[in-house]
Amino acid sequence: MKPLLRMLFACSSVLVVLSPAHAEPPAPDYARVSNWAARGRDEGAAATVAPGASARQNLPVDVFYIHPTTDRSLDRTNQPVADKAIDAWTDASVIARQAGAFNGCCRVFAPRYRQATAGAQRKGAAVRDAAFALAYSDVKRAFAYYLAHYGKGRPFILVGHSQGAAHLERLLDEEIDGKPIAVRLVAAYDVGITFPAAKYDRAWSTLKPCAKPDSTGCVVHWASVLPGADLAKSASFAEQYNRTVLPQGTDPAVLCINPLTFDRARPVAGREAAQGAVPGTPDESPIRAIVPHAVSVRCDHGLLVVDPDPALGLKPLAGDSMHYHDIGLFYEDVRRNAILRARTWLAAHPNLSRH
């Protein structure tokens, strides 16, 4: 199964007795700065800016970022947030490279949470689902703490990738959609899962897919693959999953918004539209200078088919998935788009609090 398909693994539902290695780690206290990878002024790795990227704007908008799976342990189901080695890897590989892409517009808040490990996602549905539920409980508490202690009426952007996107989707459903707080949502960048295009086609929903690059109060999604990927097979698998979580009769097609145009009416873009990709592997090495005009894209079967310049040195995962590069391929495009949406929201809501 491809990582872009919600990081879910085909497995049978079996009774699993948890060993001490699978014991629930202590819950993080979000009043402690150590339990945040980035907390506003305490930016940590989220202060990173790729060389050549657009300058920071310091707008009165926040970003709440939920990182993907970075704990590759097979002998435990949830990461203890006190694991400094995993925290350091998380900071270098995704906080700097993904959350940092959004620091052009905003303060960044990125909680450490008891993420479901790679091992949990291989141990059967019961273990996997319990691990994800525990991880989400931390994300939900961290977001509540952010709202109570830092948000204080400010508009916010929500960002999640892979496992983080799955938690973000649930957060949108439970804490944002249809609630008064939805007015403060600038946009949600929910990237790298099987997000259904029809997710919010319901009468009471306050959320919709983002139609234009300056749309606000909406959701963006894409999941990247190379042209050699089996699009029909991947789309069919994703749609089968979506049918299990959507009301009967709902279109299960995956949402694909082109991150070079951020325009649902423009699903295809050539390299001339690309503002800047980050070359190399997302690891602990320093982030390299962005390279403009280095990728072309098209939405096809609900997937984002990318054709990157080989000089970028990007390695795919199995099945020609470019999951690890979902944001890095579009680093500057995402950065500029977040600035645009933040400015648009602020101009449309001049009387709302901006502490």
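Exactly one residue out of THR194, THR206 is within 15 Å of the chain's Cα centre (by Cα) and either in a loop (DSSP other than H, G, I, E, B) or without any contact (Cβ under 8 Å) to a residue 12 or more places away in the chain (or both): that is THR194. A search for C-beta distances below 6 Å between a residue of region 156-168 that is within 15 Å of LYS199 (Cα to Cα) and any residue that is of a type in the set (D, E, K, R) and open to solvent by 10 Å² or more (accessible area, probe 1.4 Å), counting only pairs 6+ apart in sequence or on different chains, returns ALA166/ARG6.
Restricting attention to region 217-274, the residues that are of a type outside the set (Phe, Trp, Tyr), open to solvent by 30 Å² or more (accessible area, probe 1.4 Å) and not in a loop (DSSP other than H, G, I, E, B) add up to 11.
Taken over region 73-89, the residue count meeting the criterion of being open to solvent by 40 Å² or more (accessible area, probe 1.4 Å) and either among the hydrophobic types (A, V, I, L, M, F, W, C) or in contact with a strand residue (DSSP E or B) (Cβ under 6 Å, 6 or more places away or on another chain) (or both) is 5. Here GLN275 fulfils each of the conditions (1) over 23 Å from ARG335 (Cβ atoms); (2) out of contact with any strand residue (DSSP E or B) (no Cβ under 7 Å at 6 or more places or on another chain) apart from (1).
Within region 62-89, the set of residues being under 14 Å from the mean Cα position of the chain (by Cα) and of a type outside the set (A, V, I, L, M) comprises PHE64, TYR65, HIS67, PRO68, THR69, THR70. From the set of residues in region 277-301 that are in contact with a Gly (Cβ under 9 Å, 6 or more places away or on another chain) and on the phi > 0 side of the Ramachandran plot, which is least open to solvent (accessible area, probe 1.4 Å)? Only one residue fits best here, namely GLY280. Restricting to region 28-37, give me the number of residues that are in a strand (DSSP E or B) and closer than 14 Å to PHE143 by Cβ. Qualifying residue count, region 28-37: 1. Can you tell me which residue within region 172-191, out of those that are among the small types (Gly, Ala, Ser) and either closer than 19 Å to VAL61 by Cβ or open to solvent by less than 30 Å² (accessible area, probe 1.4 Å) (or both), is nearest to the chain's Cα centre (by Cα)? Among them, the one singled out is ALA188.
So which of GLY52, GLY100 is modelled with pLDDT of 95 or more, touching a strand residue (DSSP E or B) at 6+ places or on another chain (Cβ under 9 Å) and farther than 29 Å from GLY217 by Cβ?
Working: GLY100 fails: farther than 29 Å from GLY217 by Cβ.
That would be GLY52, the only listed residue that is modelled with pLDDT of 95 or more, touching a strand residue (DSSP E or B) at 6+ places or on another chain (Cβ under 9 Å) and farther than 29 Å from GLY217 by Cβ.
Yes/no per residue for (1) at pLDDT below 95; (2) closer than 17 Å to GLY52 by Cα:
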position	(1), (2)
GLN248	yes, no
ILE257	no, no
LEU260	no, no
VAL278	no, yes
ILE290	no, yes
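Considering region 95-119, and only residues there that are of a type in the set (A, V, I, L, M) and open to solvent by less than 20 Å² (accessible area, probe 1.4 Å), the residue that is nearest to ALA131 (Cα to Cα) turns out to be ALA116. Any residue that is farther than 23 Å from SER93 by Cα, of a type in the set (A, V, I, L, M) and either out of contact with any Lys or Arg (no Cβ under 6 Å at 6 or more places or on another chain) or not in a loop (DSSP other than H, G, I, E, B) (or both) - is there at least one of those in region 277-295? No, that holds for no residue.
For region 135-157, enumerate the residues that are within 14 Å of VAL219 (Cα to Cα) and either among the β-branched types (Val, Ile, Thr) or surrounded by fewer than 22 Cβ atoms within 10 Å (Cβ to Cβ) (or both). Working first, answer last.
As a first pass, look at region 135-157 and keep what is within 14 Å of VAL219 (Cα to Cα): 156-157.
Hit for region 135-157 is ILE157, nothing else.
Is it true that ALA92 is open to solvent by less than 40 Å² (accessible area, probe 1.4 Å) and touching an Asp or Glu at 6+ places or on another chain (Cβ under 7 Å)?
So ALA92 fits the description; yes.
Scanning region 156-187 for residues that are under 15 Å from LYS208 (Cα atoms), touching a Pro at 6+ places or on another chain (Cβ under 8 Å) and outside any strand (DSSP E or B) turns up just one, ARG184.
Test of understanding: among LEU340, LEU304, LEU329, which residue is open to solvent by less than 60 Å² (accessible area, probe 1.4 Å), assigned to a helix (DSSP H, G or I), of a type outside the set (Lys, Arg) and closer than 20 Å to PHE262 by Cβ?
Numbers: LEU340 fails: open to solvent by less than 60 Å² (accessible area, probe 1.4 Å); LEU304 fails: assigned to a helix (DSSP H, G or I).
The match here is LEU329.
The values are calculated or read from the model by the stated rules, or taken from the named source; none is laboratory data. Keep in mind that what you see is a predicted model, and the values were worked out from it rather than measured. Note that we place each Cβ from the backbone using ideal geometry, even for glycine, and neighbour counts take in every protein chain shown. Note: areas computed on protein heavy atoms with side chains; ligands, DNA, RNA excluded. Shrake-Rupley method; radii C 1.70, N 1.55, O 1.52, S 1.80 Å.
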